[in-house]
Amino acid sequence: MADQLYLSLWYPNFRLESLASALVCVLRQFAVVAKEDQKQTSFGRVSAASTYPIDWTESPTYQRIYVNDERAQSSADTEGSIIEHAVAEATEQLHSDMAYEFEMRWLLWMPTPPGPLDDESIDTRTAWKLEPMKVRITGFGPDFDEGSYEQNGHIRVDFGLDIPWVPEDELVTDEAAEKIKQNVEKLLAFTLIVEKICGISSRLLWTESGEPLAEKLVARLQRLN
């Protein structure tokens, strides 16, 4: 069963005034990994930014969607979606009871359902294709959602469902194992570069169900043997 995957980051002696610079650092490292095997500028830019007050039940007090393709070549979005600019604008008014969320994208191998080969036959094989996947990186004020940063981290990275890393059992073939390996390498590259560069004191890669990702992955891949 698909599970939500997160990376939580904590910082030593963290202060609210440091949140913007900490977010910039994490977003920059994500951009490094996201652009590693593709030269598209949009994968190094912010695609959306939102600010939430009090807790997740409240509507955002700030929201901006950026256009990062050819339509934006003469638009202010081109400059606005640069990481430093997007973070500066969204965090212009820092409050301890706010959460600041930024969306970016990267390419991951994803299983796609089989389809018709022609009018008379059906392809029963599951194909794996590189797809742009959304990632949400959120910085928490200390009073947001009753201090939920203690569990979520000062910054939390939401990778979405863990399907790219732990697909359903029937999808794990020899070919799929290689695609999963590439997805795992990208996930680890981001996690390790953040740990190395962004000055965190601790990190935790976790799933919503609480089941360890590594154990789920090993269990899937062992079925190939």
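Assorted remarks:
- Checked against (1) of a type in the set (A, V, I, L, M, F, W, C); (2) in contact with a helix residue (DSSP H, G or I) (Cβ under 8 Å, 6 or more places away or on another chain); (3) assigned to a loop (DSSP other than H, G, I, E, B); (4) more than 22 Å from Leu94 (Cα to Cα), Ile163 passes all but condition (2).
Okay, residues lined up against (1) touching a strand residue (DSSP E or B) at 6+ places or on another chain (Cβ under 9 Å); (2) crowded, with 20+ Cβ neighbours inside 10 Å; (3) hydrophobic (A, V, I, L, M, F, W, C):
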{"site": "Ala20", "(1), (2), (3)": "yes, no, yes"}
{"site": "Leu23", "(1), (2), (3)": "yes, yes, yes"}
{"site": "Leu27", "(1), (2), (3)": "yes, yes, yes"}
{"site": "Phe43", "(1), (2), (3)": "yes, yes, yes"}
{"site": "Ser47", "(1), (2), (3)": "yes, yes, no"}
{"site": "Trp56", "(1), (2), (3)": "yes, no, yes"}
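- Hits in the stretch 182-198 - residues which are surrounded by 14 or more Cβ atoms within 10 Å (Cβ to Cβ) and either in a helix (DSSP H, G or I) or at pLDDT below 95 (or both): Gln182, Asn183, Val184, Lys186, Leu187, Ala189, Phe190, Thr191, Ile193, Val194, Glu195
- Summed over the stretch 143-157, the residues that are of a type in the set (A, V, I, L, M, F, W, C) and either part of a strand (DSSP E or B) or surrounded by fewer than 23 Cβ atoms within 10 Å (Cβ to Cβ) (or both) give a count of 2.
- Residue within the stretch 122-133 that is exposed (fewer than 14 other Cβ atoms within 10 Å of the Cβ), at pLDDT below 95 and among the basic types (Lys, Arg) present: yes
- Residue within the stretch 67-88 that is farther than 23 Å from Arg28 by Cβ, modelled with pLDDT under 95 and within 20 Å of the chain's Cα centre (by Cα) present: no
- Cβ pairs under 9 Å, 6+ apart, first in the stretch 202-222 and surrounded by 13 or more Cβ atoms within 10 Å (Cβ to Cβ) and among the hydrophobic types (A, V, I, L, M, F, W, C), second modelled with pLDDT under 85 and assigned to a loop (DSSP other than H, G, I, E, B): Leu205/Pro212; Trp206/Pro212; Leu221/Val172
The values are calculated or read from the model by the stated rules, or taken from the named source; none is laboratory data. Just so it is clear, the model here is predicted, and its values are computed rather than measured. Glycine gets a Cβ as well: all are built from the backbone with ideal geometry, and neighbour counts include every protein chain shown.
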